[in-house]
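Taking it in order: structure first as structure tokens, then the write-up.
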Amino acid sequence: MLPRVLEPEVMDTPEEARDYDAMDHAAVNRAFCEDVLALLPNPGRVLDVGTGTARIPIELCALSPSAEVVAIDLADHMLALARENIERAGLASRVTVAKIDAKALPYPDGSFGAVLSNSIVHHIPEPAAVLAEMWRVTSRGGLLFVRDLHRPETEAEIDRLVALYSGERPTDPAAALSFDHQRSLFRASLAAALTASEIAAFVAPLGIPASAVRMTSDRHWTLSAVKT
């Protein structure tokens, strides 16, 4: 197994935010939200941890009329684009954006019917505290749903996944430059990711069984647990 190579915890330059928002994650985001709603059809008050540019809250609200989302992140430029995206989608009354560190959430225990996170764990050097905080603010009967990249075992597997999911390099010079940056971000994220077994070890002290963490694609693990 490759050793984990950390990347910055906060992606907070205009270029990083713009390139991240430009990535076509529509199908992945829709699948994420559909999987959440299959487990919890009426999530009510939702916390989205590491919201980035708020694509998950927007998709969730499009699929679930009852959802109201608090979307948090630490990156100012990501949050600026998130506010623009939320306003453009007409969801300012249902999605609230805040700059908050997930390692110390300012919410009482059991505040949210669903706590979600998509592709933020690999940015966190020591994710145990974040996972514990997310579980703490999940209500009884509520859902903790976290999905992220799985670290490959070899450099060759990283190469394969990057080539498979990056698509063709554009011929336009400006578009090609953005493509190269997006590709490098994906590679770095795979190298910084955790494995399903590592995540299972982190959540075991919370009383979450290892069976709650499983591989759900060739590059993703998912943690799905209902708090009893």
Which ones in the stretch 167-186 are open to solvent by less than 70 Å² (accessible area, probe 1.4 Å) and either in contact with a Ser or Thr (Cβ under 6 Å, 6 or more places away or on another chain) or more than 22 Å from residue 14 (Cβ to Cβ) (or both)?
167
Of the residues in the stretch 49-66, how many are of a type outside the set (A, V, I, L, M, F, W, C), crowded, with 17+ Cβ neighbours inside 10 Å and farther than 22 Å from residue 130 by Cα?
2
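Give, as residue ranges, the strands (runs of 3 or more DSSP E) completely inside the stretch 31-104 that count at least 2 residues that are in contact with a helix residue (DSSP H, G or I) (Cβ under 7 Å, 6 or more places away or on another chain) and under 14 Å from residue 145 (Cα atoms).
On the way: elements: 45-49, 68-73, 95-99.
Because the criterion is at least 2 residues that are in contact with a helix residue (DSSP H, G or I) (Cβ under 7 Å, 6 or more places away or on another chain) and under 14 Å from residue 145 (Cα atoms), the strands (runs of 3 or more DSSP E) in the stretch 31-104 that meet it are 45-49.
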Give the stretch 67-83 a look and list any residue that's at pLDDT below 95 and open to solvent by 50 Å² or more (accessible area, probe 1.4 Å), or say none.
74, 76, 77
Considering residues of the stretch 120-141 that are out of contact with any helix residue (DSSP H, G or I) (no Cβ under 8 Å at 6 or more places or on another chain) and part of a loop (DSSP other than H, G, I, E, B) only, the residue least open to solvent (accessible area, probe 1.4 Å):
137
Being without any contact (Cβ under 8 Å) to a residue 24 or more places away in the chain, under 19 Å from the mean Cα position of the chain (by Cα) and either more than 20 Å from residue 153 (Cβ to Cβ) or part of a loop (DSSP other than H, G, I, E, B) (or both) is the filter here, so list the residues in the stretch 199-228 that pass it.
212, 217
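The values are calculated or read from the model by the stated rules, or taken from the named source; none is laboratory data. This structure is a prediction, so every number in the text was calculated from the model and none was measured. A quick note on method: Cβ atoms are made from the backbone with ideal geometry, for glycine too, and the neighbour counts reach across all protein chains shown. Accessible surface areas use protein heavy atoms only, side chains included; no ligands, DNA or RNA. Shrake-Rupley method; radii C 1.70, N 1.55, O 1.52, S 1.80 Å.
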